[in-house]
1. Which residue is nearest to Ser143 (Cα to Cα), if the candidates are limited to the stretch 247-274 and must be hydrophobic (A, V, I, L, M, F, W, C) and open to solvent by 50 Å² or more (accessible area, probe 1.4 Å)?
2. Tally up the residues in the stretch 408-435 that are open to solvent by 10 Å² or more (accessible area, probe 1.4 Å), in contact with a Lys or Arg (Cβ under 9 Å, 6 or more places away or on another chain) and either of a type in the set (Val, Ile, Thr) or not in a loop (DSSP other than H, G, I, E, B) (or both), please.
3. Which is of a type in the set (Val, Ile, Thr) and touching a helix residue (DSSP H, G or I) at 6+ places or on another chain (Cβ under 6 Å), of Ile357, Ile368?
4. Ser16 - would you say it is at pLDDT below 95 and polar (S, T, N, Q)?
5. Regarding the stretch 303-315, can at least one residue be identified that is surrounded by fewer than 19 Cβ atoms within 10 Å (Cβ to Cβ) and assigned to a helix (DSSP H, G or I)?
6. Scan (1) open to solvent by 40 Å² or more (accessible area, probe 1.4 Å); (2) out of contact with any Phe, Trp or Tyr (no Cβ under 6 Å at 6 or more places or on another chain) for the single condition Asn94 breaks and write down its number.
7. Are there any pairs with C-beta distances below 8 angstrom linking a residue in the stretch 275-300 that is open to solvent by 10 Å² or more (accessible area, probe 1.4 Å) and among the aliphatic types (A, V, I, L, M) to a residue that is at pLDDT 95 or above and not in a helix (DSSP H, G or I), with the two at least 6 apart or on different chains, and if so which?
Amino acid sequence: MSLFAMGFLLVILQPSTGQFPRACANTPSLLRKECCPTWDGDGSPCGEFSGRGFCENILLSQAPLGPQFPFSGVDDREDWPSVFYNRTCQCNGNFMGFNCGECKFGFTGPRCTERQVRIRRNIFQLTTREKDRFLAYLNLAKSTPSQDYVIAIGTYGQMNNGLNPMFRNINVYDLFVWMHYYASRDTLLGGSNVWRDVDFAHEAPGFLPWHRAFLLLWEREIQKITGDESFTIPYWDWRDARDCVVCTDEYMGGRHPTNPNLLSPASFFSSWQVICTRSEEYNSRQTLCNAASEGPILRNPGNNDKSRTPRLPSSAEVEFCLTLTNYESGSMDKMANFSFRNTLEGFADPRTGISNISQSGLHNALHIYMNGSMSQVQGSANDPIFVLHHAFVDSIFERWLRRHRPMLEVYPAANAPIGHNRENYMVPFIPLYRNGEFFRFSRELGYDYEYMQEP
């Protein structure tokens, strides 16, 4: 998700990439290929004086990749984040963060030793006050510049290998929109050529761990800007819904009275501006999204192509998906059969588990049904319904983990599409997280779901 601070979006910084720490967003850091910022608590890089962490070489996975991406050395996201940095903070114990200044998910306290589990709740079970606070937090994120991160508005080559940094400020909400775009964008091959069959966050095993990390980081940023450490993302349980029941002005914005593609002017989301939605324009110019305003949120729920997505997902489809015992299978992409991941993502039929890319099921169905900003992968996080939707998708992932209790080895170590092997670092997160780190029970990461709580 991302935020949009008008005054700040026009300021170009000396930078860093992906989710680039501001402290590493400069020519010296890029030329040294080092991102080991000082922790203010003791004035040392990575909080080394306090035993929080140390600056170390990045160890990249050498496991072979699948055949889907037939290039090498053409995309900044390959072997993330080594094009930009090959030394980062490695944190000890329960410490986390680009400078080891935070606690790992699920821990709190001055030395990060206290266990903590927060509960994500159904948005319709929130009190009016809690719901209004959530909406206010979204709006605050959309208007608050990120203090810690900047975004890359050029490739490493366009930055002259670090000599000419190209970075820009961004608001907290739009930071996450930009990250979702950056992970899923096409590869720029020069001239007018692009490679579209690449995605570091979708269509492969990393889809569920990547979005799990994404939501946790988003939740953490909201907690920081609001000072509300108890905040959790609510979810929308869309099983068997007949229409978009969150699409009202009381919740995520109703329909405009005269233009069905826009939000009601009574919703403050109607004034939000989207970013990173013009993929063909970026491709033709061989450039990255620079987070400039591109117009209002578009949404026209239910007026989608019915031959592709006839309705919202059913409880029966979710239950069938949960019976699939294989997390991943076959080619480990959108053609995988009997794959829990591919069926939940929506490229396989949720009644048979057989790949059918002409249809959109489960997760994909909700995106297509919204028929607007949510329906385009790269810019889908612009619509705040994205957060509610993915929280519920994550809860289904959690139900599968609890039912089948897989070993970590179930997550593929090799031959997955680029960026999706178990030990690959997720694009574009800094600090670094491997896919396998989020293939674990949610309570170990400090959260649970209201409808899944066990005694």
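The values are calculated or read from the model by the stated rules, or taken from the named source; none is laboratory data. Bear in mind the structure is a predicted one, so any value in this text is a computation, not a measurement. Cβ placement follows ideal geometry from the backbone for every residue including glycine, while neighbour counts extend to all protein chains displayed. Protein only, heavy atoms only, side chains kept; ligands, DNA and RNA dropped before computing areas. Shrake-Rupley method; radii C 1.70, N 1.55, O 1.52, S 1.80 Å.
1. Within the stretch 247-274, the first condition is being hydrophobic (A, V, I, L, M, F, W, C), and the residues that meet it are 247, 252, 262-263, 266, 268-269, 272, 274.
In the following step, the residues that additionally are open to solvent by 50 Å² or more (accessible area, probe 1.4 Å) were identified as 266, 268.
On the way: Ala266: 19, Phe268: 12 Å.
That would be Phe268.
2. 5
3. Values: Ile357 fails: touching a helix residue (DSSP H, G or I) at 6+ places or on another chain (Cβ under 6 Å).
Going through Ile357, Ile368 in turn, the sole match is Ile368.
4. Working: at pLDDT below 95: yes; polar (S, T, N, Q): yes.
For Ser16, the condition - at pLDDT below 95 and polar (S, T, N, Q) - is met.
5. Kept after step one, since they are surrounded by fewer than 19 Cβ atoms within 10 Å (Cβ to Cβ), are these residues of the stretch 303-315: 303, 305-308, 310-311, 314-315.
With the extra rule that they be assigned to a helix (DSSP H, G or I), the set shrinks to 315.
Yes.
6. Exception for Asn94: condition (2).
7. So the pair list comes out as Ala292/Ile275; Leu298/Asn261; Leu298/Leu262; Leu298/Val274; Leu298/Gly372.
Yes/no matrix, rows are residues, columns are (1) of a type in the set (Gly, Ala, Ser); (2) under 17 Å from Glu219 (Cβ atoms); (3) open to solvent by less than 50 Å² (accessible area, probe 1.4 Å):
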position	(1), (2), (3)
Arg111	no, no, no
Asn122	no, yes, yes
Leu140	no, yes, no
Tyr149	no, yes, yes
Gly154	yes, no, yes
His180	no, yes, yes
Ser184	yes, no, yes
Leu188	no, no, yes
